[in-house]
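Structure record follows, encoded as structure tokens.
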Amino acid sequence: MGTLGFSIVLPFLVFLVTQFGGNAIIYGLIGAVYPLFQLFGASILGKWSDIYGRKKILFLSQAGTVAGWLIFLASAVVPLTVLFSFDTALLGVFSITIPLIFVFAARAIDGLTGGNISVANAYLADITDEKSMNKNFGKMSVSSNLGFIAGPALAGLLGSTSYGYVVPIVAALVLSAVTLVLIQFYLPDTGVKQYTEKPDDIKKVLGFEGKECFKIEGEANASKSKILDIPNIKFIFVIYFLIFLGFNFYYTSFPVHAIEKLGWTVGEMGVYFSVLSVLMVIV
């Protein structure tokens with residue numbers, strides 16, 4: 001649900017922002033809200049999962065996602081009241097409306113509580129033995145990729161109906177609520193675990209394999225400054241930053257080009273992003 005929740009808004013968010021009085025600047029800011037709040041929320045959720053247990057934090061995270069989609073749905077029904085209007089040479093013409101405030105709040109809450117992938121990886125590491133580690137984390141990777149593919153396809157299909165953008169929002173809300181119920185009643189509680197083993201593979205920290213979210217005792221409890229002293233680690237961080245900068249820049253800017261220059265619809269946008277996600281998975 002984490003990747004699906006991120007990708008399902010791609011085909012219709014730019015249309016929604018324009019309808020609510022925003023322009024490309026506002027759309028870009030809304031697109032940045034989710035990862036910005038996720039940046040802070042992910043580390044907090046990771047620490048809390050060490051203290052309170054994986055299941056509780058996964059439930060809290062999913063509850064935040066449900067709340068975010070509820071607020072998102074409310075943006076479609078609140079009055080289109082203009083709070084402020086701007087017309088500048090630098091920023092263009094746009095208005096700040098009540099629905100836009102709701103959209104900002106929805107993406108912020110979802111982002112703050114949406115950094116659950118590391119917690120889910122930690123949960124999987126808790127319940128998986130060493131022999132099954134690669135296979136199970138491979139399945140986790142496949143499910144994440146399927147979320148990127150299914151999200152735009154679902155939004156494009158449902159957003160093309162006569163009910164417009166409300167349908168994919170409701171679908172995302174229902175899926176999030178179902179996931180919340182599954183976590184509460186069907187996900188076994190692993191409790192709070194602490195380990196003394198030192199992680200021997202930096203790939204786990206970078207998310208390629210099972211990430212041990214636990215307290216490391218003794219010399220293994222390295223500070224952030226010591227981590228930066230690891231050979232080539234700064235170079236790796238720069239590479240990661242540039243890769244994801246290009247990825248998100250394209251994913252955010254292309255919808256604006258698609259509706260202004262190409263005249264695409266929500267359905268066409270959904271098909272495009274789904275095909276693009278398939279190609280990314282294959283490559």
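Values in this text are rule-based calculations from the coordinates and carry no lab data. The model shown is predicted, which means the values in this text are computed figures rather than measured ones. Note: ideal-geometry Cβ built from the backbone for every residue, glycine included; neighbour counts use all protein chains shown.
Could you tell me which of THR128, ALA76, ALA172 has its Cα farthest along the dipole of the chain towards the positive end, charges placed at Cβ (Lys, Arg +1; Asp, Glu -1), taken about the Cα centre?
THR128
With each run of n ≥ 4 DSSP H residues scored as -39500 (n - 2.57), what mean residue ellipticity at 222 nm is computed for the chain after dividing by its residue count and rounding to the nearest 500 deg cm²/dmol?
Helix-only estimate at 222 nm: -22500 deg cm²/dmol.
With everything on Cα atoms, drop me the angle between helix 166-186 and the longest principal axis of the chain, reported from 0 to 90° to the nearest 10.
For helix 166-186, the angle is close to 20 degrees.
Pop out the ³J(HN,Hα) list for the stretch 242-257 in order, Karplus 6.51 cos²θ - 1.76 cosθ + 1.60 with θ = phi - 60°, rounded to Hz; leave Gly and Pro as x.
Once θ is set to phi - 60°, the couplings for the stretch 242-257 become 5, 4, 6, 5, x, 4, 6, 4, 5, 4, 8, 7, 4, x, 5, 5 Hz.
In Å, what is the Rg of the alpha-carbon atoms in the stretch 35-124, and how long is Dmax?
16.8, 51
Run the paramagnetic zone check for PHE86: 7 angstrom along Cα to Cβ, then residues of the stretch 6-27 with backbone nitrogen under 13 Å.
22-27
Arranged by the count of other C-beta atoms within 10 angstrom, fewest first, what order do THR113, THR3 take?
Numbers: THR113 24, THR3 18.
Starting with the residue having the fewest Cβ neighbours, the order is THR3, THR113.
Please arrange GLU260, GLU130 by counting, for each residue, the other beta carbons lying within 10 Å of its beta carbon, fewest first.
Ascending Cβ contact count within 10 Å gives the list GLU130, GLU260.
Any chance you could list the semi-axes, whole Å, largest first, of the equivalent ellipsoid that the Cα gyration tensor gives for the chain, using √(5λ)?
With the √(5λ) rule applied to the chain, the semi-axes are 35, 21, 19 Å.
At a 10 angstrom cut-off on C-beta neighbours, averaged per residue, how do the peptides 43-49, 102-108, 25-31, 241-247 rank from highest to lowest?
102-108, 25-31, 43-49, 241-247
What ranking of TYR272, TYR123, TYR163 emerges when the number of other C-beta atoms within 10 Å of each C-beta is taken as an exposure proxy, fewest first? Please list the in-between numbers first.
Working: TYR272 19, TYR123 22, TYR163 11.
In increasing order of surrounding Cβ atoms, one gets TYR163, TYR272, TYR123.
Please give the per residue volume of the convex hull enclosing the alpha carbon atoms of the stretch 125-186, rounded to a whole number of Å³.
82 Å³
Ordered by residue, what ³J(HN,Hα) values in Hz, to whole numbers, does the stretch 87-103 give under the Karplus form 6.51 cos²θ - 1.76 cosθ + 1.60, where θ = phi - 60° and Gly and Pro are x?
Couplings: 8, 10, 5, 7, 9, x, 9, 7, 10, 9, 10, 4, x, 5, 4, 5, 5 Hz.
So what is the diffusion coefficient of the stretch 1-49 in µm² per second by Stokes-Einstein at 4 °C and 1.567 mPa s, using a Kirkwood Rh over Cα pairs?
Diffusion coefficient, whole number: 106 µm²/s.
How far, in degrees from 0 to 90, does helix 266-282 lean away from the longest principal axis of the Cα atoms of the chain, to the nearest 10?
20 degrees
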